[in-house]
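K.L.:
Can you keep this structure in mind? I'll have questions shortly.
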Amino acid sequence: MPLVSLHQVHKRYPTGTEALSGVSFSIEPGEFVFLSGPSGAGKSTLLRLLLHMEIATKGDVLLFGRNLAALSRSSVPYLRRNIGAIFQDFRLLPDRTVFENVAVGLHILGLSRKEIKQRVTNTLYDLSIDRYAQAFPSMLSGGEQQRVAIARALVMHPALILADEPTGNLDWELSNDIVRLFDDLNAKGTTVIMATHDRFLLNAFPRRTLLLNKGFLIEDFQPSQTNDDETEEGVDEEPKEVPPIIQPLDMTAALRNLHTPPPLPKQQKIAGIDGEEVSS
Ligand SMILES: Nc1ncnc2c1ncn2[C@@H]1O[C@H](COP(=O)(O)OP(=O)(O)OP(=O)(O)O)[C@@H](O)[C@H]1O
Ligand SMILES: [Mg+2]
């Protein structure tokens, strides 16, 4: 059963903007999928539909096998508990420390103080922001705040990571580190959907890529070839020169020769949205 599937989904905002038009695709458990496309293409809208923060105007959005249109309001928090959401605008609590921002979801889960401390400390360490544990978000740079937002999502050990431009404020090296971290989690079975328009990352980490443009899904590119010269993933040095915007079809061509197959989907227990354990 797919973890995510959209069938002919349209999203029109009250302003009249058609943000998504007839979008259909499925994502299996254990996949790592990039969502790409230029500004205004509909990437954030699509992620907000999956989080049930926006409702599709037409079509069906299914998550963990549930049609979101039929989901009761009381089930929404249970659904979100399985998702690590990283927002483009961070959404940190300004009056809480970094530690408290990251711990907030674990308190809701009712974990012990000891377990919360351990999980938060480990996650802050993984993201190289452990030294800011007692700082407030306003004391941090944009990139540091972004890593706090990522830590807050990862600390929940979610079945699905929905990341909206999680590397938007990070330099090249940190961006690579974040995607490698997602890769490690993906290898352990976590499904990752990451919106990015960073072509360097798309080239360095060849993964299935859904390409949106003006609300239309114009490419669903699944890398299938392995190029022996390109097995080392990520690039240590920042690209020296920013190339011009690659048009969608050029990007696909650029991606085509670089790929390793994605890891095999793994079976994973999903905390059921009605409280039961559901095997996906
Ligand atoms: N709340 C909203 N109300 C009205 N229009 C919106 C709203 N949110 C987004 N839009 C419009 O919908 C379209 C898609 O926006 P969206 O934020 O999904 O694009 P995006 O691909 O995430 O862009 P970016 O790369 O700049 O983040 C844009 O034309 C945008 O102006
Ligand atoms: Mg966006």
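K.L.:
Considering only C-alpha atoms, what is the centroid distance from region 19-38 to region 110-169, in Å?
P.N.:
Between the Cα centre of region 19-38 and that of region 110-169, the gap is 25 Å.
K.L.:
Something else about it: List, in the order given, every pair from Lys188/Lys214; Lys114/Lys188; Lys11/Lys188 whose Cα-Cα distance in the structure shown is over 27 Å.
P.N.:
Table pairs above 27 Å Cα-Cα are Lys188/Lys214; Lys11/Lys188.
K.L.:
So, one more: Sticking with the crude label model, points 7 Å out along Cα→Cβ, report the distance from Ala135 to His10 in nm, one decimal please.
P.N.:
Distance between the two pseudo-spin positions: 4.8 nm.
K.L.:
Can you compute 3J(HN,Hα) from phi for each residue in region 32-49, using the Karplus curve 6.51 cos²θ - 1.76 cosθ + 1.60 with θ = phi - 60°, rounded to whole Hz and x for Gly and Pro?
P.N.:
In residue order, the calculated couplings are 10, 10, 8, 10, 10, x, x, 4, x, 5, x, 4, 5, 4, 4, 5, 5, 5 Hz.
K.L.:
Pairs of Cα atoms under 8 Å, at least six residues apart: use those to get the relative contact order of region 108-187, whole percent. If you can, show how the numbers build up before the last one.
P.N.:
Details: 31 pairs, mean separation 20.9, N = 80.
Across region 108-187, relative contact order equals 26 percent.
K.L.:
Could you order the peptides 98-104, 129-135, 195-201, 109-115 from most to least packed, using the average number of other C-beta atoms within 10 Å per residue? Could the numbers behind the result be given before it?
P.N.:
Details: 98-104: 22.0, 129-135: 16.1, 195-201: 20.3, 109-115: 10.3.
The peptides rank, most packed first, as 98-104, 195-201, 129-135, 109-115.
K.L.:
In the neighborhood of Glu165, defined by Cβ-to-Cβ distances under 11 Å, what is the net charge if each Lys or Arg adds +1 and each Asp or Glu adds -1?
P.N.:
Summing Lys/Arg as +1 and Asp/Glu as -1 gives -2.
K.L.:
What are the ³J(HN,Hα) values, in whole Hz, obtained from phi via the Karplus relation 6.51 cos²θ - 1.76 cosθ + 1.60 with θ = phi - 60°, for each residue of region 127-134 in sequence order, with x given for Gly and Pro?
P.N.:
Using θ = phi - 60°, the values come out as 9, 6, 10, 4, 6, 9, 3, 9 Hz.
K.L.:
Could I ask something else about it? Only Cα pairs under 8 Å and at least 6 apart count here; give the relative contact order of region 1-48 as a rounded whole percent.
P.N.:
It rounds to 35 percent for region 1-48.
Since every read-out is calculated from the coordinates, none of them should be taken as a lab result. Because the structure is predicted, anything quoted here is derived from the model rather than measured. Every residue, glycine among them, receives a Cβ derived from its backbone with ideal geometry; neighbour counts consider all protein chains shown.
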